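Contents: one structure, followed by commentary.
The values are calculated or read from the model by the stated rules, or taken from the named source; none is laboratory data. Bear in mind the structure is a predicted one, so any value in this text is a computation, not a measurement. Note that we place each Cβ from the backbone using ideal geometry, even for glycine, and neighbour counts take in every protein chain shown.
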Amino acid sequence: MTHFTKLLLATALALPMTARAEGVVEGIHHWVSESEVGALKVLTDNLATKGFTWQDSAVGGLSGANATQALRTRLAAGNPPATMQFLGYEGVEWEKEGALRSLNDLYAKNGWEAAIAPAILPFVKADDTYFAVPINMHRQNWLWVNKGLFDKYGIAEPKSWDDLIAAGKKLKENGVTAFALSDESWQILEVFEAILTDQNGTDFYKKAVMDLDPAALSGPEMLKAFDTLREVRGLVDDGFTGRDWAVATGMVASGQAAMQIMGDWAKGEFLAKGLKPGVDFLCFPTPAAVPNFKFVIDTFGTFNIDDANITAGQDAWVETVMDPENQKNFNMIKGSIPARIDVPVDGFDDCAKRSFADRDAAVKAGTMVGGLTEGFAAQPQFAGVFFDVVGQFFVTDMSSQEAVDMLVSGIDNAR
């Protein structure tokens, strides 16, 4: 634990009891879209049946980065929340700092480890300590399609990125915005890492993104991925600046745009609008020569706070998160599938059923990998380089070679 963190925690533990409300569980998270708010309500309503009120501290924007900054501010003020939503290595870093409670007793009591896919464990457990619980598993590499537009222009499910670009060009020629996207770096990186993985396979993705192999970072495969991203840029409308991801999803839902590449949290927005998969919209994995499954999970950790009321509320919260029925009902709204692998597929829609099946296949084939954008493939200092380079490339006239050179240089400087 760093000296700074010790000071923060000491300050938090010294807060007077009057600052801690009995029967209240405060949580910081970044779920602010319609479907996200609806999904969270499943959990908070169930928490209420246990005698605890949820105190909502939502901070949206930048794929969770704003919420993380809010947490740091709270810790600096000596006022940590009871619980916090984590993406990627965030929870791992806070566990290293000694800021999070051990959940070992609750895991042992409830047998949770046996119910979790092995790929999740590095993000909820460090050494022998469980520090977080997972609520869901999103598939990141999805293509969301307005069915009416694809039907109108005779476009079938693309089987390669060449097919996808050709479909986009056909749509553009007919005055249709092909891709709903933004200039936000994280939305662009969602597209880029799908391209990189689909065109080159998960072994290459592991070398380039996870192992940061210099030859992979600077090779022809990386150049081709940037070339393809440039083609995608030519199929985006001019009004993309500052567009929220849920607004982009709304464009596809309403027929203002034909496609969006986004994790399956986008599906929650379609469902919230009363649209049905296979009827109003289509869901395809991004087109890969060898199928792969890019996962993103949301987890919750609980902070060390010396207050029995808070601890009891934290226990109630993590048991609420891990309850199988809650995971089923939450994920039906959120668009994801349960983190627990023992929740049956019955009742889920066709997109989710495909996600269940593809997850099982990817686990067996060894083609299940964490998403870079949300922090499940590279440490933050390296992921930040990808964010910067891909984001700048998309909004400037930078060449693919210049982007590759910038990427290699940035990774070298971050090592």
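Within segment 149-166, being in contact with a strand residue (DSSP E or B) (Cβ under 7 Å, 6 or more places away or on another chain) and part of a helix (DSSP H, G or I) holds for Leu149, Phe150. Only one entry in Ala272, Ala257 is of a type in the set (A, V, I, L, M, F, W, C) and at pLDDT 95 or above, namely Ala257.
Of all residues in segment 165-184, how many are crowded, with 17+ Cβ neighbours inside 10 Å and among the charged types (D, E, K, R)? Summing the residues that are crowded, with 17+ Cβ neighbours inside 10 Å and among the charged types (D, E, K, R) in segment 165-184 gives 2.
Residues in segment 337-355 that are closer than 23 Å to Leu275 by Cα, buried (at least 19 other Cβ atoms within 10 Å of the Cβ) and hydrophobic (A, V, I, L, M, F, W, C): Ile337, Cys351, Ala352.
In the list Asn46, Asn66, which residue meets the criterion of being of a type outside the set (Ser, Thr, Tyr) and either more than 23 Å from Lys328 (Cβ to Cβ) or buried (at least 22 other Cβ atoms within 10 Å of the Cβ) (or both)? Of the residues listed, the single one that is of a type outside the set (Ser, Thr, Tyr) and either more than 23 Å from Lys328 (Cβ to Cβ) or buried (at least 22 other Cβ atoms within 10 Å of the Cβ) (or both) is Asn66.
Rundown of residues vs (1) closer than 23 Å to Ile261 by Cβ; (2) assigned to a loop (DSSP other than H, G, I, E, B); (3) touching a Leu at 6+ places or on another chain (Cβ under 8 Å); (4) not hydrophobic (A, V, I, L, M, F, W, C), yes/no style:
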site	(1), (2), (3), (4)
Pro344	no, yes, no, yes
Ser355	yes, no, no, yes
Phe382	yes, no, yes, no
Met398	yes, yes, no, no
Gln401	no, no, yes, yes
Gly410	no, no, no, yes
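Exactly one residue out of Tyr130, Tyr107 is of a type outside the set (A, V, I, L, M, F, W, C), free of Cβ contacts under 8 Å to residues at least 60 places away in the same chain and closer than 25 Å to Ala70 by Cβ, and it is Tyr130.
Entry remark, segment 69-85: residues being surrounded by fewer than 19 Cβ atoms within 10 Å (Cβ to Cβ) and either closer than 30 Å to Asp183 by Cβ or in contact with a strand residue (DSSP E or B) (Cβ under 8 Å, 6 or more places away or on another chain) (or both) number 4 in total. Do you know which of the residues in segment 93-138 that are within 16 Å of the chain's Cα centre (by Cα) and β-branched (Val, Ile, Thr) is nearest to Asn331 (Cα to Cα)? Going through the qualifying residues, I end up with Ile135.
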